[in-house]
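Right, one structure below, let's go through it.
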Amino acid sequence: MQNQYLILTDSLREKKKLIIQKNDIINSLQEFGLTNLTKVPVCSIENLAVNIDNTWRGVCARKCIGCSSGAVDPSKTKQQIHELNPNLLKSLLEVAKVLANEGYHILSKNRFSLFDGSNELENQHCLELRALMSTYYEDTYGLNGFGAISSDLVFHITPHKTFKHNLSALLERPEWFDNICVAIDEQTPFNSEYEYQKYLDTVEWVWKELLPALCCELEHAKSEKSFTPRVIINFLIPGSGRFFNEKYKELLPGIERAKTYKELEQRYVEPYVGSIQRVQDNIPNHHVFTNFVAKLSKVKGSRVYISYSEFEPVGRARSLINSNSWDYPNLYLQPTIKTKIYPSDKHSFVVQSCLSPNCYSNGELSWELCNKPEWLKSIETIEFNLENIIEASSD
Ligand code: SF4
């Protein structure tokens, strides 16, 4: 083959396809603008993705009714779901490393997630993907693991056996993540009391599993953070003056969804690890959503971060909450361009950007608030194919 890369047009998706060659990564990508990503480095690689109406979305079986990322319920789509298999991630990171070594840092060195639109711990490749990310940050930047940057392990509790396996295994590798963020809210739909009871049984299991983390006994990729609080309990309610829409008012027949932080605490924290007791410890500066540090009355030596949040007016939450004038709280409105990578088949990925309310949010605002840069529009028309790199790696 004469050319170092090929451009094909996929008429169905109207994407140009760039086949990246192992021996010409820099030149081919410079020409097609990927190196522009150094202006807004990628902060997320979705581990499950689907294209609906020309927009890529995460896919998540949790079906949370207020999901800020608007993750697609896999049972509700006929479109093909693409997964981030370890070979694809490995090759993508190989490309990113070659670029980084030449000064083009296309992946964020500060904050990175593999799960914006999915429940990471339910992914069968979760451990391999975290391990690959760790190796990338170690080899490229000399860090001590993925946990050395903001790479929180964020989850909704689910009785899924993969979830339990992954959580137990990840707790053995505390350098692979930064903090552990446990979502305590009532977004997950339950079809029966039996399902809800299974959920409660898993809540109990999770608190037991997290005991060493609750007691600050975990090492951290940054030595100065070893043996410090590691768990953030993220409470989420509609917020003052807002209500769940009639359709979602009840969690189960006869049981209303919790509207206060106290109700959530009494249902999902207190019976298992005791009440939340505020202590006067300092909150690290970068914890912008942490309200205070607490101990748990039934866990000796515990220290956790408590975050009291309200649903953001983004994604599905807009149909969950009854509010006619739901403005974004100014405090948290700092529109930020985020670039994300989505697997588009087993060898390829695409880049898609969004305008988020702030750098921590998974939600999306309208681009009317900000002109989308031309270079981003251009990158989004290309599908990057890594088949040659994957093959070369497996030789
Ligand atoms: S909030 Fe998280 S766990 Fe729930 S559906 Fe969205 S991505 Fe999945």
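The values are calculated or read from the model by the stated rules, or taken from the named source; none is laboratory data. All values derive from a computational prediction rather than experimental measurement. Here Cβ is always computed from backbone atoms with ideal geometry, including for glycine, and neighbour counts include all displayed protein chains.
The conditions are (1) on the phi > 0 side of the Ramachandran plot; (2) in contact (Cβ under 8 Å) with a residue 60 or more places away in the chain, and Leu236 fails exactly one of them. Which is it?
Only one criterion in (1) on the phi > 0 side of the Ramachandran plot; (2) in contact (Cβ under 8 Å) with a residue 60 or more places away in the chain is unmet by Leu236, namely (1).
Restricting to the range 29-54, count the residues that are part of a strand (DSSP E or B) and within 16 Å of the ligand (Cβ to nearest atom). Explain how you work it out, then say what you get.
Just the residues of the range 29-54 that are part of a strand (DSSP E or B), to begin with: 42, 44-45, 48-52.
Remaining after also requiring within 16 Å of the ligand (Cβ to nearest atom): 44-45, 48-50, 52.
Total meeting the criteria: 6.
Quick test of your reading of the structure: Val98 fulfils all but one of (1) under 15 Å from Ile389 (Cβ atoms); (2) crowded, with 19+ Cβ neighbours inside 10 Å. Name the failing condition by number.
Of the numbered conditions (1) under 15 Å from Ile389 (Cβ atoms); (2) crowded, with 19+ Cβ neighbours inside 10 Å, the odd one out for Val98 is (2).
Mind checking which pairs have a first residue in the range 176-189 that is under 13 Å from Tyr268 (Cα atoms) and more than 10 Å from the ligand (Cβ to nearest atom) and a second that is aromatic (Phe, Trp, Tyr) and not in a loop (DSSP other than H, G, I, E, B), Cβ under 7 Å, 6 or more apart or different chains?
From the range 176-189, the pairs are Val182/Phe155; Ile184/Phe235; Ile184/Tyr268.
Would you call Asn101 more than 26 Å from Ala148 (Cβ to Cβ) and away from the ligand (no atom under 16 Å from the Cβ)? Reasoning before the result, please.
Working: more than 26 Å from Ala148 (Cβ to Cβ): no; away from the ligand (no atom under 16 Å from the Cβ): yes.
No: the conditions fail for Asn101.
Tell me yes or no: at least one residue of the range 252-265 is within 28 Å of Ser168 (Cα to Cα), part of a loop (DSSP other than H, G, I, E, B), more than 16 Å from the ligand (Cβ to nearest atom) and charged (D, E, K, R).
No.
How many of the residues in the range 335-358 are part of a loop (DSSP other than H, G, I, E, B) and either under 22 Å from Phe384 (Cα atoms) or modelled with pLDDT under 80 (or both)? Outline the logic, then answer.
Kept after step one, since they are part of a loop (DSSP other than H, G, I, E, B), are these residues of the range 335-358: 335, 346-347, 357-358.
If we keep only those that are either under 22 Å from Phe384 (Cα atoms) or modelled with pLDDT under 80 (or both) too, we end up with 346-347.
Within the range 335-358, residues that are part of a loop (DSSP other than H, G, I, E, B) and either under 22 Å from Phe384 (Cα atoms) or modelled with pLDDT under 80 (or both) number 2.
Could you list all residues from the range 76-118 that are of a type in the set (Gly, Ala, Ser) and outside any loop (DSSP other than H, G, I, E, B)? So that I can check it myself, show each step before the final result.
The initial filter retains those residues of the range 76-118 that are of a type in the set (Gly, Ala, Ser), namely 91, 96, 100, 103, 108, 113, 117-118.
Within the range 76-118, Ser91, Ala96, Ala100, Ser113 qualify.
Report yes if some residue within the range 160-169 is surrounded by fewer than 17 Cβ atoms within 10 Å (Cβ to Cβ), at negative phi and within 16 Å of the ligand (Cβ to nearest atom); otherwise report no. If you could, list the steps in order and put the result at the bottom.
To start, the set of residues in the range 160-169 that are surrounded by fewer than 17 Cβ atoms within 10 Å (Cβ to Cβ) comprises 160-162, 165, 168-169.
When the remaining residues are screened for being at negative phi, the result is 160-162, 165, 168-169.
Pick out the ones that are also within 16 Å of the ligand (Cβ to nearest atom) and you get 160, 162.
Checked the range 160-169: at least one residue is surrounded by fewer than 17 Cβ atoms within 10 Å (Cβ to Cβ), at negative phi and within 16 Å of the ligand (Cβ to nearest atom).
Residue pairs, Cβ under 7 Å, 6 or more apart or interchain, first in the range 42-67 and in contact (Cβ under 8 Å) with a residue 40 or more places away in the chain and under 15 Å from Asn362 (Cα atoms), second among the aromatic types (Phe, Trp, Tyr) and near the ligand (Cβ under 9 Å from one of its atoms). List them.
Here the result reads Asn47/Phe115, each pair linking the range 42-67 to a residue that is among the aromatic types (Phe, Trp, Tyr) and near the ligand (Cβ under 9 Å from one of its atoms).
Could you figure out which of (1) exposed (fewer than 15 other Cβ atoms within 10 Å of the Cβ); (2) within 22 Å of the chain's Cα centre (by Cα) isn't true of Gln266?
Among (1) exposed (fewer than 15 other Cβ atoms within 10 Å of the Cβ); (2) within 22 Å of the chain's Cα centre (by Cα), the lone unmet condition for Gln266 is (2).
Filter the range 269-294 for residues that are of a type in the set (Val, Ile, Thr) and at pLDDT 95 or above; which is surrounded by the most Cβ atoms within 10 Å (Cβ to Cβ)?
Taking the candidates together, the pick is Val269.
Where residues in the range 123-159 are crowded, with 17+ Cβ neighbours inside 10 Å and within 23 Å of Pro189 (Cα to Cα), which of them is nearest to the ligand (Cβ to nearest atom)?
Taking the candidates together, the pick is His156.
Just one of the numbered conditions (1) over 20 Å from His156 (Cα atoms); (2) assigned to a loop (DSSP other than H, G, I, E, B) is not true of Gln277; which one?
Among (1) over 20 Å from His156 (Cα atoms); (2) assigned to a loop (DSSP other than H, G, I, E, B), the lone unmet condition for Gln277 is (2).
Would you mind stating whether Glu193 is away from the ligand (no atom under 16 Å from the Cβ), touching a residue at least 40 places away in the same chain (Cβ under 8 Å), under 29 Å from Glu250 (Cβ atoms) and surrounded by fewer than 18 Cβ atoms within 10 Å (Cβ to Cβ)?
Details: away from the ligand (no atom under 16 Å from the Cβ): yes; touching a residue at least 40 places away in the same chain (Cβ under 8 Å): yes; under 29 Å from Glu250 (Cβ atoms): yes; surrounded by fewer than 18 Cβ atoms within 10 Å (Cβ to Cβ): yes.
When the stated conditions are applied, Glu193 passes them.
Can you find a residue that is over 16 Å from the mean Cα position of the chain (by Cα), in a loop (DSSP other than H, G, I, E, B) and more than 9 Å from the ligand (Cβ to nearest atom) anywhere in the range 60-75?
Taking every residue of the range 60-75 in turn, none turns out to be over 16 Å from the mean Cα position of the chain (by Cα), in a loop (DSSP other than H, G, I, E, B) and more than 9 Å from the ligand (Cβ to nearest atom).
Looking at the range 104-122 only, could you name the residues that are within 16 Å of the ligand (Cβ to nearest atom) and aromatic (Phe, Trp, Tyr)? Outline the logic, then answer.
So in the range 104-122, the residues within 16 Å of the ligand (Cβ to nearest atom) come out as 113-122.
Result: Phe115, single match.
Determine if the range 295-304 includes at least one residue that is at pLDDT below 95 and in a loop (DSSP other than H, G, I, E, B). Don't jump to the end; show me each part of the working.
Quick first cut of the range 295-304, residues at pLDDT below 95 only: none.
No, the range 295-304 has no match at all.
Applying the selection to the range 220-250, what residues are closer than 16 Å to Ser309 by Cβ and surrounded by 13 or more Cβ atoms within 10 Å (Cβ to Cβ)? Reasoning before the result, please.
We begin by selecting, within the range 220-250, every residue closer than 16 Å to Ser309 by Cβ; these are 231-242, 244.
Those that are closer than 16 Å to Ser309 by Cβ and surrounded by 13 or more Cβ atoms within 10 Å (Cβ to Cβ): Val231, Ile232, Ile233, Asn234, Phe235, Leu236, Ile237, Pro238, Gly239, Arg242, Phe244.
What are the residues in the range 184-228 that are hydroxyl-bearing (Ser, Thr, Tyr) and either more than 23 Å from Ser297 (Cβ to Cβ) or part of a helix (DSSP H, G or I) (or both), if any?
Within the range 184-228, Thr188, Ser192, Tyr194, Tyr196, Tyr199, Thr202, Ser223, Ser226 meet the criteria.
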